[in-house]
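Novice: Please read through the structure below; I'll follow up with questions.
The values are calculated or read from the model by the stated rules, or taken from the named source; none is laboratory data. It should be emphasised that the depicted structure is a prediction, and the values quoted were computed from it without experimental measurement. Quick reminder, even Gly has a Cβ in these numbers, built from the backbone with ideal geometry, and neighbours come from all protein chains shown. For the accessible areas, the whole protein counts, side chains as well, though only heavy atoms, and no ligand, DNA or RNA atoms are used. Shrake-Rupley method; radii C 1.70, N 1.55, O 1.52, S 1.80 Å.
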Amino acid sequence: MILEDVDADARAVLERYGFDELRFEGLRARVASGELSPASNVVAGRVEPLADEDVTALPEPGDAGYDVAREAGIGAIRAGHVAVVVLAGGMATRFGGVVKALVDAVNGLSFLEIVLAETERLGRALQVEVPVALMTSFATDESLRAFVAGRPGPRPILFAQFAAPRLTPGGSLFRGAAGEVSLYGPGHGDLLEAIGSSGALDALRSRGVRTLAV
């Protein structure tokens, strides 16, 4: 099993961040057999753009139904039925490996600070606290928790996406130059499972949330 082949530090990270060893071993076997490969990830058949009827267009200001839709949205937010989910697990590997959500974006403010401040501004305007759930990763969790603890305002609910070890195309563990195991977060594809298994979704539901704006 994979955990027998990793060092103690890597094992601790994997165990802390929801690593499913049995599921991973099944996927690793499919990689080793060639069932999962770059070729198997290519869409077959005809690929076409969405037709107009495939997309539900929201009414613009002045359109029929706009005022009704806007009031319905405001009503849902005021009733506490809407929460914001911020995806902040990524490391900015293309510009230094820093915590991407905390990189200065505009006027010295980070992406995360802008999102939290805008959500708080909306809440003040509607006289309600808009809940925020913040998805971290093993690479960003500590930095984001420290950032959130150090700023005023409502505290987001933090939960982490999962972690896994990288593999070679043949299905063996990928190791760095010093022989260390390389870990990664699986992107945002595990949002639904992570927010559910972490208890964050239950916490939001207990506050009356029915809709997540991601």
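Novice: From GLU142, GLU129, grab the single residue that is over 17 Å from the mean Cα position of the chain (by Cα), under 30 Å from TYR17 (Cβ atoms) and open to solvent by 60 Å² or more (accessible area, probe 1.4 Å).
Specialist: Checking each option against the conditions leaves just GLU129.
Conditions (1) without any contact (Cβ under 8 Å) to a residue 24 or more places away in the chain; (2) under 25 Å from PRO154 (Cα atoms), marked per residue:
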{"residue": "GLU60", "(1), (2)": "yes, no"}
{"residue": "GLY65", "(1), (2)": "yes, no"}
{"residue": "ALA72", "(1), (2)": "yes, yes"}
{"residue": "ALA79", "(1), (2)": "no, yes"}
{"residue": "ALA83", "(1), (2)": "no, yes"}
{"residue": "ASN107", "(1), (2)": "yes, yes"}
{"residue": "LEU112", "(1), (2)": "no, yes"}
{"residue": "GLU120", "(1), (2)": "no, yes"}
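Novice: Something else: For segment 1-13, give me each residue that is touching a strand residue (DSSP E or B) at 6+ places or on another chain (Cβ under 7 Å) and under 21 Å from SER137 (Cβ atoms). Walk me through it before giving the result.
Specialist: Of the residues in segment 1-13, the ones touching a strand residue (DSSP E or B) at 6+ places or on another chain (Cβ under 7 Å) are 2, 5-7, 10, 13.
Result: ILE2, VAL6, ASP7, ALA10, VAL13.
Novice: Which one is nearest to GLN161 (Cα to Cα) among residues in segment 1-34 that are modelled with pLDDT of 90 or more and open to solvent by 100 Å² or more (accessible area, probe 1.4 Å)?
Specialist: ARG16
Novice: Mind telling me which of the residues PRO59, PRO49, PRO38 ends up being in contact with a helix residue (DSSP H, G or I) (Cβ under 9 Å, 6 or more places away or on another chain) and over 20 Å from ALA125 (Cβ atoms)? Steps first, please.
Specialist: Values: PRO49 fails: in contact with a helix residue (DSSP H, G or I) (Cβ under 9 Å, 6 or more places away or on another chain); PRO38 fails: in contact with a helix residue (DSSP H, G or I) (Cβ under 9 Å, 6 or more places away or on another chain).
After ruling out the rest, the residue left standing is PRO59.
Novice: Here's a check for you: in segment 162-180, which residue that is assigned to a strand (DSSP E or B) and not aliphatic (A, V, I, L, M) is surrounded by the most Cβ atoms within 10 Å (Cβ to Cβ)?
Specialist: PRO165
Novice: State all residues of segment 41-72 that are touching a Phe, Trp or Tyr at 6+ places or on another chain (Cβ under 7 Å) and open to solvent by 80 Å² or more (accessible area, probe 1.4 Å); if no residue qualifies, say none.
Specialist: Step one: of segment 41-72, the residues touching a Phe, Trp or Tyr at 6+ places or on another chain (Cβ under 7 Å) are 59-60.
Answer for segment 41-72, where residues must be touching a Phe, Trp or Tyr at 6+ places or on another chain (Cβ under 7 Å) and open to solvent by 80 Å² or more (accessible area, probe 1.4 Å): just GLU60.
Novice: Given the condition at pLDDT 95 or above, closer than 14 Å to GLY80 by Cα and under 17 Å from the mean Cα position of the chain (by Cα), answer yes or no: does some residue in segment 154-161 qualify?
Specialist: no
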